[in-house]
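Have a look at the structure below, then the notes.
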Amino acid sequence: MNTSVIIKIPGGILILNGLSMLLPLPVSLWTHDGSFLVFVSCGSLGLLLGGTLWKLGKTHHSMSFREANLSLILSWLTVVGFSSLPFLFLGNFSFTNAWFESISAVTTTGFTITNPESLTPGLSFWRGFLQFLGGGMVLSMFLLFMPALGIMPDLSIYKPDSSIRSHTMFRLSPDLIKNLVLLWIIYVGLVLLEFFLLWLAGMELLDAIGHAFGTLSTTGSPLKQESVKNFSPAIQWIITVFMILGGGNFLLYTSLVQKNFIKIGQCSELYWYLGILGGMSLIVTLVLLNTDGFSLESGIRAASFQTVSIMTSTGYVTQDYQLWPQNVQALLFLAMFTGRCLGSTGSGIRIIHMVILLQYLLSTGKRVLQPLAIAPIRTGGKTLDSELLYNILGFVAAHLFLVVVGGMLLSWVDDMNYISAFSRSISSLWNLGVGFNEAGPFLSQNEVSSFGKWIMGGWMLLGRLEIIPFMLLLHPPFWKRQGSSF
């Protein structure tokens, strides 16, 4: 294992992270919030440390799978750790709280331990930018790294490059770099479009920027104490539309730009995504219209917004849905599980994984009744091979196992009620940032103990990196000197 190769990428990431701290400077100068020197100092430190790592590292045209795995983990840890410095120096946060706020933003979770309106404008902008950065890192990871994890079925949108599919070696082909650039252009373009629409709809400039950062990245970390509750209906509808886009597969958007409509039409996950979103929103709407306080438009808007927000893992709120009927709350709880598309900025168990799991259960029942029956699992018009199927089943099982472990740990550490503990575990692991009981809407997580915050932060990073990179570290062959194939 070549250490000089591993530190090269985190060094480059740290340089970019240092440069990104220049972005809040105009906000600081404009608002005179006193954060200018802090961002300059932290940015300079990032450039110094990143430049040192970059200089010590070596550039290779390819790297082993374990080198790529370690580099990926170190890159995320580097961004989270370094990005917490402004919170530490400007927000009067303890080290744990600064780290928690940073990891919540970078992993696009959206939990917060403070009143967001108490942050300086520069620090609030930085928090929003970290959400945007985290969303972009997720999309990059999906394109570069996820095919090799063996949990991505061929959705007829993206056919993994054979040069990066191997568990032994990673290479960046010209086509892969081209697709990565296009993905970032689309991502930035959608953020700018939402910002412009929100600004036109009457939202203040900095609020429009912050909410655009938080929507496409499906973070939803609030800029106001009551999230987006007090904004106009037009603004809430705009955010709803862009939450749907953030929860969709961004590779669909690249196919759309490339006018490859056949691939879009073959994407079965798209139909499931829109169908489940529409169906759940309709049911919640019908229930709310039978309760007091909702007109036709407000009922449709509240139901659609909250269903989309939870299902896409964004986490913005317009209503305290814990006051809604119990059957609606149960449906929203189910939405936490069903949710995002593969290739979105969301995380956790994706819709296509749930569809495959359902097909597997049905085929198992068929084989029990008809032992000689052939019941293949299909997606995107293609049959899944057994290795990929078992990888996906293991992926789903790992998620559910960690939800249970996280809930038990939080219950023991903080003696919190089990609903809050398991809701926090789910919301952290799947980067939802909102849940039920003490993890419900408009609530801060500041009352969680320091140890509990480290557990939640760890679960955020586990979920954001799809669990598997960390699981590989526990696999003895991963650390063998010779060979990296496993």
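Counting alpha carbon pairs within less than 8 Å and at least 6 residues apart, what relative contact order, in whole percent, applies to the chain? About 17 percent, as a whole number. Shape class of the stretch 234-380 from the Cα gyration tensor (axes a ≥ b ≥ c, square roots of the eigenvalues): oblate, since a/c reaches 1.5 or more and a/b does not exceed b/c.
Checking the table 224/453; 178/263; 382/480 against a 26 Å threshold on Cα-Cα, which pairs fail?
Violating the 26 Å limit, Cα to Cα: 382/480.
Over the chain, DSSP H runs of length four or greater, each weighted -39,500 (n - 2.57), average out per residue to a 222 nm ellipticity of -20500 deg cm²/dmol. The listed residues 33, 175, 292, once ranked by accessible area (1.4 Å probe) with the largest placed first, stand as 292, 175, 33. Which shape class applies to the chain: rounded if a/c is under 1.5, otherwise prolate when a/b exceeds b/c and oblate if not, where a ≥ b ≥ c are the square roots of the Cα gyration tensor eigenvalues? Rounded, since a/c falls under 1.5. Distance between the pseudo-spin-label points of residue 266 and residue 333 (7 Å out from Cα toward the beta carbon): 4.0 nm. With a ≥ b ≥ c the root eigenvalues of the C-alpha gyration tensor of the stretch 352-486, is it rounded (a/c under 1.5), prolate (a/b larger than b/c) or oblate? Oblate, since a/c reaches 1.5 and b/c is not below a/b. Using C-alpha pairs under 8 Å with a sequence gap of at least 6, the mean separation divided by the residue count of the stretch 427-478 gives a relative contact order of 45 percent.
Pairwise Cα separations in the stretch 346-426 fall into 5 Å bins from 0 onward with the following percentages, short to long: 3, 14, 18, 17, 14, 11, 10, 8, 5, 2, 0. With all protein chains kept in place, the per residue accessible area of the chain amounts to 41 square angstrom at a probe of 1.4 angstrom.
Using a probe radius of 1.4 angstrom, the carbon and sulfur fraction of the accessible surface of the chain is 68%.
Suppose the Debye formula is applied to equal point scatterers at every Cα of the stretch 1-83; what is log10 I(q)/I(0) at q = 0.20 Å⁻¹? So the normalised log intensities work out to -0.82.
The values are calculated or read from the model by the stated rules, or taken from the named source; none is laboratory data. Predicted model only: the values in this text are computed from it and were never measured. Cβ: placed from backbone, ideal geometry, glycine included. Neighbour counts: every protein chain shown. The area values use the complete protein model at the heavy-atom level, side chains included, leaving out ligands, DNA and RNA. Shrake-Rupley method; radii C 1.70, N 1.55, O 1.52, S 1.80 Å.
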